[in-house]
Amino acid sequence: MIKSTQKLLYPLFIGTLGLLASCASTSTNQVDVSKKEQKVADGFASESVREAYLRLKKKDYTEQDRKKDEAESEKVAKTLSKSMINGAATVDGAGQYKGKTYFLQGAEELNLENNYFDIPVVYNDQVKKWMDYFLNRGRGFFERYTERAGRYAPILGAILEEHGLPRDLIFLAMAESGFNTSAKSWAAAVGPWQFMPSTGRNYGLEQDWYRDERRDPIKATVAAARYLTKLYGDFGSWEVAAAAYNAGEGKLSKAIVKYKSEDFWDISKGRYLKDETKNYVPKIMALAIIGKNLKSFGFDDVEFHEPLDFDEVTVRPATDLMKLSEVLGVEFEEIQRLNPEVLRWFTPPNLDNYKLRIPPNTAEKFAQCCSKMDLIAKDFQEFIVTKKSMSVAEISKRFKIKKNYVLTALNNVSENAVFGKGESVKLPFRVGELVSPSNNLYADLFEKPRKEVLRKNHRNRTRLARSSGKKPVRYYTVKKGESLFTVAQKHGISVKRLIASNELKKKKISAGDKLVIK
């Protein structure tokens, strides 16, 4: 049975990361670093970054709180190294491993620099398979993931630790997205932690036509920390909690009952979990082993991205980010990179006093040149109605705008409004911008709904099965009065095969039951 909620075994340490991925030295000796380097090592590259997180953590954060945090951070000695991904769990200034530790058994053949982790990691055939992949065919993927880790892993690890969670859970994010804030799966999971829409909303991540907070590395990590805390409380095992993160709590709960075991490796031997979930935990462990032993596997020459750093300024609703970037003298792509949750070329029009991230050391320039300028978005494309009349819904559908409120707000009309022939309708696209899948401001408008993707995948599987000579899986809904014998006879298969295909424990079916026919 599932274990009842229990307290996490990982103590809270504020700002304690010691491995600087951006440093050229590979020495493991303790060295003095500047205050700026200490902040980077903590995972917060500057006070602006720390404040962006602390606003989420504590609404009434005071100057006294700040001084306490800084004092705690400065107690920790820093190690400059490129031997592991910055953000993972490491030793403290006295050379002691912080928190609960797990030693990697049976991996002596690898001659690793680091055999300690703060999540359970094993070296078995499943893990070896993924290590072999990332060290050979998937080596390019691992290098790109590690490069991006330089930017995001430090702050992810710091936030996890401040929530009392193991820092090595950053490798779960690495497995999910490769630390890519714009990553999106076929199932509509988004961001560095690949939150599904509903799960994201459950953990406070807002999503609408203008923004998607699942893409923000700070907000999404706070949500992931809360979700992982819940999963660990439910299952009492990081292996099972990680599997539940992938497949859902319900799936793992049923698997535990089905196999009468709370051990992930026992559960994964059965057929109930999908291969994706069975591979998920070994994949995380493989990434952790390699990621904390970069030199051992020949990755110590990776060029890490600079740690995430920014200033924050307050802007008005619907601020034109292209105009802002122009007057600031900053590339628009850099504004996008710092604000991944903003989906469009202007800030959300429904949010007052929006906190916008701009490159570090530019807040003063913004105050001098831009804070009082009129930067409200005005350069909207227009559509002239050619029919006798068109409703808001019709125009929205024509331009693939899935939310009617976009046009109603932009044109200051009600949702039931009708535009007559010759009338002009403002569209949320910028003048001169091509609205196409190749433009990342509008690419999501052309994405197919998940149901269509599922149907396409089913057609592909059916086509593949036919080409290989195998019969595709079919489904049949039991009608009133039917028995196993009549259903089996109807489809030309044996009763024994029907029972086995559906793992039926009771040789009895009811009207409405859905059966697999193969």
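The residues of the range 269-308 that are more than 19 Å from Ala88 (Cα to Cα), open to solvent by 20 Å² or more (accessible area, probe 1.4 Å) and of a type in the set (Ser, Thr, Tyr) amount to a single one, Tyr272. Of the numbered conditions (1) touching a residue at least 60 places away in the same chain (Cβ under 8 Å); (2) not in a helix (DSSP H, G or I), Asp352 satisfies every one except a single condition; which is it? Single failed check for Asp352: (1).
Would you be able to say whether some residue in the range 215-225 is open to solvent by less than 10 Å² (accessible area, probe 1.4 Å), aliphatic (A, V, I, L, M), out of contact with any strand residue (DSSP E or B) (no Cβ under 6 Å at 6 or more places or on another chain) and assigned to a loop (DSSP other than H, G, I, E, B)?
As a first pass, look at the range 215-225 and keep what is open to solvent by less than 10 Å² (accessible area, probe 1.4 Å): 216-218, 220-221, 223-225.
Narrowing the set further to residues that are aliphatic (A, V, I, L, M) leaves 218, 220, 223-225.
Right, trim to out of contact with any strand residue (DSSP E or B) (no Cβ under 6 Å at 6 or more places or on another chain) and you get 218, 220, 223-225.
From the residues that got through so far, the ones that are assigned to a loop (DSSP other than H, G, I, E, B) too are none.
Taking every residue of the range 215-225 in turn, none turns out to be open to solvent by less than 10 Å² (accessible area, probe 1.4 Å), aliphatic (A, V, I, L, M), out of contact with any strand residue (DSSP E or B) (no Cβ under 6 Å at 6 or more places or on another chain) and assigned to a loop (DSSP other than H, G, I, E, B).
Of all residues in the range 285-339, count the ones that are of a type in the set (S, T, N, Q), in a helix (DSSP H, G or I) and closer than 25 Å to Glu51 by Cα.
Our first condition is that a residue be of a type in the set (S, T, N, Q); within the range 285-339, this holds for 293, 296, 314, 319, 325, 336, 339.
Still in the running and in a helix (DSSP H, G or I): 296, 325, 336.
After this cut, where a residue has to be closer than 25 Å to Glu51 by Cα as well, the list is 325, 336.
Number of matching residues: 2.
Taking the range 427-450 as the range and being assigned to a helix (DSSP H, G or I) and under 20 Å from Glu341 (Cα atoms) as the test, the residues that pass are Ala443, Asp444, Leu445, Phe446. Taking the conditions (1) in contact with a Ser or Thr (Cβ under 6 Å, 6 or more places away or on another chain); (2) open to solvent by 70 Å² or more (accessible area, probe 1.4 Å); (3) modelled with pLDDT under 80 in turn, Lys514 satisfies each one other than (3).
Looking only at the range 342-369, which residues are under 18 Å from Phe429 (Cα atoms) and of a type in the set (Asp, Glu)? Result: no residue meets the conditions. Only a single criterion out of (1) out of contact with any helix residue (DSSP H, G or I) (no Cβ under 7 Å at 6 or more places or on another chain); (2) open to solvent by 30 Å² or more (accessible area, probe 1.4 Å); (3) at pLDDT 65 or above; (4) in a helix (DSSP H, G or I) is not satisfied by Glu70, namely (3). Pairing each residue of the range 209-226 that is over 19 Å from Ile170 (Cβ atoms) with any residue that is assigned to a helix (DSSP H, G or I), provided the two are 6+ apart or on different chains, yields C-beta distances under 6 Å for Trp209/Val406; Glu213/Lys219. The single condition among (1) more than 18 Å from Ala318 (Cα to Cα); (2) open to solvent by 50 Å² or more (accessible area, probe 1.4 Å); (3) touching a strand residue (DSSP E or B) at 6+ places or on another chain (Cβ under 9 Å) that Thr362 does not meet is (2).
Conditions (1) modelled with pLDDT under 95; (2) within 21 Å of Thr386 (Cα to Cα); (3) open to solvent by less than 30 Å² (accessible area, probe 1.4 Å); (4) not hydroxyl-bearing (Ser, Thr, Tyr), marked per residue:
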{"residue": "Thr408", "(1), (2), (3), (4)": "no, yes, yes, no"}
{"residue": "Phe429", "(1), (2), (3), (4)": "no, yes, yes, yes"}
{"residue": "Ser438", "(1), (2), (3), (4)": "yes, no, no, no"}
{"residue": "Asp444", "(1), (2), (3), (4)": "yes, no, no, yes"}
{"residue": "Glu447", "(1), (2), (3), (4)": "yes, no, no, yes"}
{"residue": "Glu452", "(1), (2), (3), (4)": "yes, no, no, yes"}
{"residue": "Asn460", "(1), (2), (3), (4)": "yes, no, no, yes"}
{"residue": "Lys470", "(1), (2), (3), (4)": "yes, no, no, yes"}
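The values are calculated or read from the model by the stated rules, or taken from the named source; none is laboratory data. Predicted model, so just to flag it, every value in this text is computed and none were measured. Virtual Cβ from ideal backbone geometry, glycine too; neighbours counted across all protein chains shown. Please note that ligands, DNA and RNA were not included when accessible areas were found on the heavy atoms of the full protein model with its side chains. Shrake-Rupley method; radii C 1.70, N 1.55, O 1.52, S 1.80 Å.
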